[in-house]
């Protein structure tokens, strides 16, 4: 097996929940030695949505595969010295913490650079480094709300946020890209740098098309439930035994759809001439497809739409998503055991296939402080020094 491209890169993960930890997990997948630093009794994100007898959570299983764990109190004087030695041994520090917290822990860029001049600090905040809300804290849903997405999701009298944390994951992906760019720059020039993302920045970026339309065309759109507004049919449709989503964008797809519906005259109807005009008349188009779907089962609808090369998919429950043959065929979920799990967790590897540098899940998420002594020994601490750190409650 070829050595992974990030072998030899050490990452200190002070992150919590998703934006920081998932960024570090992506680096670990491709060979980086990622050391997760958490509170002495385990940090709060370890116990979100518990699935083990010890209380570890589902998100933790995904965020922290391939990492080692040490417990450490950076606010403790003895712990601060451990931080200094860790930083001196590292290439990247990942910390999605507020600037004031970073400074208090000695993890701000100036403090890190004083220890190791070529260090890379990858950090993210809720609202970015400047502006009236820059000192506020926030989660994924707050950024969803502020980018226009929540307003446009749901019905006019009831906005909805997305249940998945797409802003957090998007920020982690942006930060991982920024970290790779910084590593490439350091390889060329020897200089480290600060990589800084934000939840609001990610949300505004991913919703940029909607905002461009508003700024330029003053569309003033209002939510229309599951029905799309700039092409049609784009909607969720009930079948005899379930639901499917269909998404038709562009004239070729619309032509195939109209023929499947038995509506050849609609190909000459000026109301349906362009994506924009079909979006304007989307309610009528959705009604036609609703009647067609209501007469058929999910399997029948999927077979017909699939044969016509019209984008579609069944609306699945989480269990159905796990069991679907297409999910199984992709092989992204790997059964990973963990102490206290009633059965192995299906942890997703990075959903990419690389012809040479394929990463993967090499080991499960760590237990609290599982590698504390191992990492400290690598830094030069002997048994008595480690015992002293425990007595001082630094680890």
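Results, tabulated for the structure shown:
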item: Evaluation of residue 83 against (1) in contact with a strand residue (DSSP E or B) (Cβ under 7 Å, 6 or more places away or on another chain); (2) without any contact (Cβ under 8 Å) to a residue 60 or more places away in the chain (one fails), failing number; result: (1)
item: Test for residue 228: is it surrounded by 16 or more Cβ atoms within 10 Å (Cβ to Cβ), assigned to a loop (DSSP other than H, G, I, E, B), touching a residue at least 12 places away in the same chain (Cβ under 8 Å) and assigned by TED's automatic domain parsing to the domain that holds residue 135; result: no
item: Elements of type helices (runs of 4 or more DSSP H) contained in region 61-149, each with 3 or more residues being modelled with pLDDT under 95; result: 99-104
item: Breaking point among (1) buried (at least 16 other Cβ atoms within 10 Å of the Cβ); (2) over 17 Å from the mean Cα position of the chain (by Cα), for residue 154; result: (1)
item: Boolean, residue 201 is touching a residue at least 24 places away in the same chain (Cβ under 8 Å), more than 22 Å from residue 28 (Cα to Cα) and assigned to a helix (DSSP H, G or I); result: yes
item: Within region 321-346, considering residues that are in contact (Cβ under 8 Å) with a residue 40 or more places away in the chain and either part of a helix (DSSP H, G or I) or under 20 Å from the mean Cα position of the chain (by Cα) (or both), the one farthest from residue 53 (Cα to Cα); result: 336
item: Single unsatisfied condition, residue 118 versus (1) surrounded by fewer than 17 Cβ atoms within 10 Å (Cβ to Cβ); (2) in contact (Cβ under 8 Å) with a residue 40 or more places away in the chain; (3) over 25 Å from residue 198 (Cβ atoms); (4) more than 26 Å from the chain's Cα centre (by Cα); result: (3)
item: Selection from region 290-319 of residues that are touching a helix residue (DSSP H, G or I) at 6+ places or on another chain (Cβ under 9 Å), part of a helix (DSSP H, G or I) and closer than 12 Å to residue 243 by Cβ; result: 293, 301
item: Filtered residues of region 347-373 (kept if in contact (Cβ under 8 Å) with a residue 12 or more places away in the chain and over 21 Å from residue 61 (Cβ atoms)); result: 356, 357, 373
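The values are calculated or read from the model by the stated rules, or taken from the named source; none is laboratory data. Treat the numbers as computed from the prediction; the structure is a model and nothing was measured. As a convention, Cβ positions derive from the backbone with ideal geometry for all residues, glycine included, and neighbour counts pool all protein chains shown.
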